[in-house]
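These notes are about the structure you will find just below.
Every number here is computed from the coordinates shown, using simple stated rules; none is lab data. What you see is a predicted model; the values in this text were computed from it and never measured. Here Cβ is always computed from backbone atoms with ideal geometry, including for glycine, and neighbour counts include all displayed protein chains.
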Amino acid sequence: MALRLHNTRILEDGVQALTFIIEEFSDVSEAVFSKPFTFSGHRWRLQSGVKGGHLGAFLRWLGGGEQNRKMKCKIRVSVDILNTKDPSLSTVVGSLDEDDEFPRAGFGIGWSKLIAVETIEKPNSGFLDDNCLLLEVKCKLVQTTFEDKMVVNLVPGTDFTMSSKFSLFDTEWSIVMYPRGENPQNSTPQKDHTAIYLRNESSSLLRFDVTFSIYIPKVKEIRVTHHFHEANPSKTFGVEKFLRTRDLRSIAKGGTVPVGVKITSVIPYFYLGFDTKDWSPPENLRSSLALKDIKKCPLSFRADSQDQKKLDFKLQFDPESQFSEMGDSAYYMKVLWSVMVFCYKDGNKSETLNSWDSPGHSAFCFSNEEIILNTPLLLSDTISPYSPFLDAEKLLSVKLIIHNANEVYDPLMIDSDKQSIAKLREINAQTKSSTEKYWIDQLSCVCSEKDKIIADQDEMISAREKELSDKESAIHTLEEEIEDKENYISSVEDNIDGSGEGKGSMKHVNLKELIQKTHPDAEELTKQKQVADQLENFLMNNLPFNISRISLVGNAGQGTTSHGVKEVDLAIFIKDLPRTEHKSWLPAIVYTTKTLLKQNSQHGGENEDEPKLPPCTDFLETSSAVVFKCDDVNVVLIPTNDWEPFDGFKGLYQMCLTQGEEAQPYYILCGCERQTEFIANQPEKCKDLIRAVRAWCNSIPWKNPESKPGQYLLSLLLVAAYQIVQSGYISQTVAGDKEVFLEFAEMVNDVNLEVFWNEYYVSSSYPRELFSVPFKLPIVQDPAIPTHNVASTGLEDWSQFRKEVVKWVERM
């Protein structure tokens, strides 16, 4: 009773098939394990067994070598329970079209109920042959992922940092990062770019052709391909300008950023250059090269010529007899290998030979055994100094690829001719494969004829649709051209008559003057505070609700009130209100508040001891607020829930996740106090720039309300731009202000913009897939409410906003 690897094959599209045999199946226990085996540079182990009357199978990933921390592996896998009598009755589970991920070394996936034991053991079922069962695992590597946290701010004198090591093909690899580039002393802070590389730590003859992506999660990913080998310049490769240094620092948390690589393809090979000038006479082709870099499979390789006319290549297993005991066992080494001979002057004449194309050329049954692959190349063609196969150094370039090397088992080899049995197995496998391919081709021909008829009709429909689409596109382009020309003519006319300063004219923008003009007077701020204090005192004493507090929010609370604008926004936090169904009770709260204020304004306090208000006029009532003027100050009163008794903001965030789209605006209002605090905590310089961009926005003739950005959106975008520039070096001059606005314009015109903060909550703790209102790009996540994308609620149509911002910064 044992589970052993029985055969290995290479199928189409890089799929490898590994066949396992379970002997003495009737006595199999709940768990039997195979020896570790390899494919695609990783080690694996198969587990099978019978439990609850069913056969199960589990594939376990053991890693790529000794260093397996922080690695993940993704493959496609299926398991076949082979019916040797009628292959169509074989049981198949899994799919080669779906990915399965192994999140860590030692993790396993599989199926506990592949097939009922009763079905297997039925007489003449075809599953058992002499009480032996065959399982075939077909697998294809999708990608290997390694990710580590890397330090951004290095100590002086240090230019780079390295990740921990990880293993693949029993060799060690790592990530190297230069946060300020490889030559930071020759650059300026604003132009620094982070360089990130993948490094092969081994020094051996074995080379690797690797396709991989370097990435920072949710930020950027770049795919590259490189041949890694022992020469120092080729051991390290990646992206020299991966990301701007200041952008890297802006996303760092605790001084580190997560950096990773996704390796989608690795081909290990030996690249050999043969000096052919001494190959005459052919007896000189006898020197071998030892290849000890493949673990548990020592090899040697040399050129040869059996008939002294054509070039051959000979691969020898275990030249030093380390595995001599294999010769007396039922095991042999199955090595799937290829040889490529390059023709430098005509690539079409290059030759590729595969061991699996000839039966018996992949099976090494004994130590020191040699197998020859015969090429069609004449030896004389490779010896001539004018041979098209020789490179500039007169060397014959040969590539030896070891696709797979595993120790396999065959019970027929006990007391039998091992080589004959191995060759017979491969002949049978080839015959079966050829038959299956023939019938697949026949079926494909029939299907192709039907598909062609359908495709002809689809092509006709597609052509008509394309014609209509082209006409619609042409009409749309003409409309845009007409609109642009009208805008241009308007701007020229404005410049000629000098009347276009408030209509987007091309007059130069004086940033220093703009910032000074928007700064509020002390008298205006005093008047605002006086009205706010009077209203707060009056409302606390007269509203018939259980009020916990009244907070100054909005521009006045943020400290971003502009010159000439007197405004007060007050949030009234009321206890004991329902936390849902706002439409059923909030209008009554708003109406009561408005009525109380109007009555006081018309009749005054009934006794002299009651707090009195200045004249209040121009009342307006919305579904969630009272708007009016008090002593020429614009006032907005916002009644809302007090969430302190319900776990504060944590409870509010959880409620946001459970409510629908219509309810979200009411919960956003509950966060107005924290929204105000976020802007208020910014540096005064940042607030000056917020006033400036707000003044610019108010000067633009927007097409419609949907095209004008909201004040909170403008403030958050300006804060983000200020923080990005501040992470490097920000000058307290007009040039520094301009740099912030340039970054602001770049962010506005980034259709894939994604901005978030972790001031009050960790963004990743609130998965976006749980939000009732899906986030769509661009994204500006509210620092106060995780479910609120201000980029969507603060602006519906970004097109005019993007154009106007570009015009504005061009005039600075």
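Points worth noting:
- Peptides 573-581, 779-787, 289-297, 56-64 ordered by average Cβ neighbours within 10 Å, highest first: 779-787, 56-64, 289-297, 573-581
- Relative contact order of segment 523-614, pairs being alpha-carbon contacts under 8 Å that are 6 or more residues apart, as %: 30 percent
- Two-site label geometry, Q457 and S287: point separation in nm, points 7 Å out along Cα→Cβ: 6.9 nm
- Among residues other than W702 with Cβ under 11 Å from its Cβ, the summed charge is -1 (Lys and Arg +1, Asp and Glu -1).
- Descending by average beta-carbon neighbour count within 10 Å, the peptides 556-569, 535-548 line up as 556-569, 535-548, the highest first.
- FRET efficiency estimate (nearest 0.05) - Cβ-Cβ, S265 to R244, R0 41 angstrom: 0.90
- Residues L353, L468, L198, sorted so that the one with the fewest Cβ neighbours within 10 Å comes first: L468, L353, L198
- With neighbour counts taken as other beta-carbon atoms within 10 Å, the residues Y761, Y591 rank, fewest first, as Y591, Y761.
- Extension gain, W702 back to L89 (0.36 nm per residue minus Cα-Cα distance, nm): 213.7 nm
- Going from the residue with the fewest nearby Cβ atoms within 10 Å to the one with the most, R69, R244 rank R69, R244.
- Sites K309 and Y386 - FRET efficiency at Förster radius 22 Å, r taken between beta-carbons, to 0.05: 0.70
- For segment 255-356, the number of Lys pairs with C-alpha atoms closer than 22 Å, counting only pairs eight or more positions apart or on separate chains, is 16.
- Averaging 1/r over each pair of different alpha-carbon atoms in segment 276-409 and inverting the result gives 15.7 Å, the Kirkwood hydrodynamic radius.
- In nm, spacing of pseudo-spin labels at V151 and S358 (7 Å Cα→C-beta vector): 5.7 nm
- If the segment from V224 to V117 were pulled out straight at 0.36 nm per residue, it would be longer than the present Cα-Cα gap by 33.7 nm.
- Cα gyration tensor shape for segment 683-811, rounded if a/c is under 1.5, else prolate or oblate: oblate
- The label-point distance for T617 and K450, in a model that sets each label 7 Å from Cα toward Cβ, rounds to 8.2 nm.
- Trypsin sites (Lys or Arg not before Pro) lying in DSSP loop within segment 735-807, provided at most 16 other Cβ fall within 10 Å: K776
- Residues of type aspartates and glutamates that K629 reaches as a straight line, Cα spacing below 14 Å, ignoring anything fewer than 8 places off in the same chain: E567, D569, D618, E621
- Cβ-Cβ FRET estimate between D576 and K598, R0 fixed at 25 Å, reported to 0.05: 0.50
- Segment E662..N541, full-extension length gain: 40.3 nm, with 0.36 nm per residue of separation and the alpha-carbon distance subtracted.
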